[in-house]
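Derivation of every value follows stated rules applied to the coordinates shown; laboratory data play no part. No experiment lies behind these values; they were computed from the predicted model shown. For neighbour counting, all protein chains shown are included, and Cβ atoms are generated from backbone atoms with ideal geometry for every residue, glycine included.
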Amino acid sequence: MSADRGGSGEDGAGPFAGGWPSDPERKRRDRDTVVAAFATVLYLALVVCAFGFVSLLADVDVVSRGGTGGLVGPAMVATAVIVVLAALVRDARRAGGAAGRGAAWSLLVGLGATVGFVGVGVVLVAVEARRWFDGVLFASSTLMSAFPWIVGVLAAVVAIAFAAVTAGSTGRRPRWPWEAHDDSPSE
C-alpha cells in the first residue's frame with residue numbers, strides 16, 4: 001500500500017481508475033470548494049436580505065397562506081440553499097473547474113433553487129393540510145409572488161459570480177507591481 005496517499009497497489013494510483021489528482025489540481029478543487037461554501041453563505045444572506053426588504057416594502061409575507069406552520073418558510077429557504085450548495089460544490093470538485101460554465105449553467109442553478117423552494121413548500125403544506133389540492137393552491141399562490149423568482153435570480157447571480165471567481169483564480173497570491181518574483185519564498 002502506498003504510504004503517501006493511502007492508495008492501493010505499489011504504483012500509488014489510488015482507488016480510482018484515473019489515479020489521484022495532481023497536487024495543483026487537488027489544491028484548485030479544495031480552493032474552489034471553499035469558495036463554493038462562502039458563495040452559499042453569501043446566497044443565504046442575499047435571500048434573507050431581499051426577502052426582508054420585499055416583505056417590508058410591499059407589506060406581504062413570504063408564506064401568505066393562513067394557518068401554515070412557522071417552519072414552512074425556513075424549510076423552503078433551506079432547500080434552496082442546499083440546492084445551490086450542491087450545485088456549486090459539485091462544480092468545484094469536478095475536473096477542469098468552472099472553465100466553460102456560462103449562463104446556461106447559472107440559469108439551471110437558479111431554476112433548481114426555485115423548484116426546490118416551491119416544491120418543498122408544496123409538500124409541507126399538503127402534508128400539513130392532509131390534502132394535495134392545498135399544496136397545489138399553495139404552489140400557484142407562491143409562484144404569483146416575487147419570492148420564488150428572487151430565490152432563482154439570486155441563485156443564478158451567485159452561480160455566475162462563483163464561476164467568475166473560480167475561473168479567474170490562479171492559486172497564487174496577488175503581488176504588487178514592485179514586488180520581485182524572485183525575492184519571495186516559492187509557493
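What number, in percent, do you get for the relative contact order of the range 23-168 if the mean sequence gap of Cα pairs under 8 Å and at least 6 apart is divided by its residue count? Taking the mean separation of contacting Cα pairs over the length of the range 23-168, I get 33 percent. Extension gain for F133-A50 works out to 26.9 nm (0.36 nm per residue, less the C-alpha to C-alpha distance). Packing around the peptides 125-137, 79-91, taken as the average count of other Cβ atoms within 10 Å per residue, puts them in this order, highest first: 79-91, 125-137. Can you compute log10 of I(q)/I(0) for the range 23-168 with the Debye formula, treating each Cα as one identical point scatterer, at q = 0.16, 0.17, 0.18, 0.21 Å⁻¹? Scattering profile of the range 23-168, log10 relative to I(0): -0.81, -0.88, -0.95, -1.17. For the pair A164 and R93 in one chain, pulling the backbone fully straight at 0.36 nm per residue adds 24.0 nm over the alpha carbon distance.
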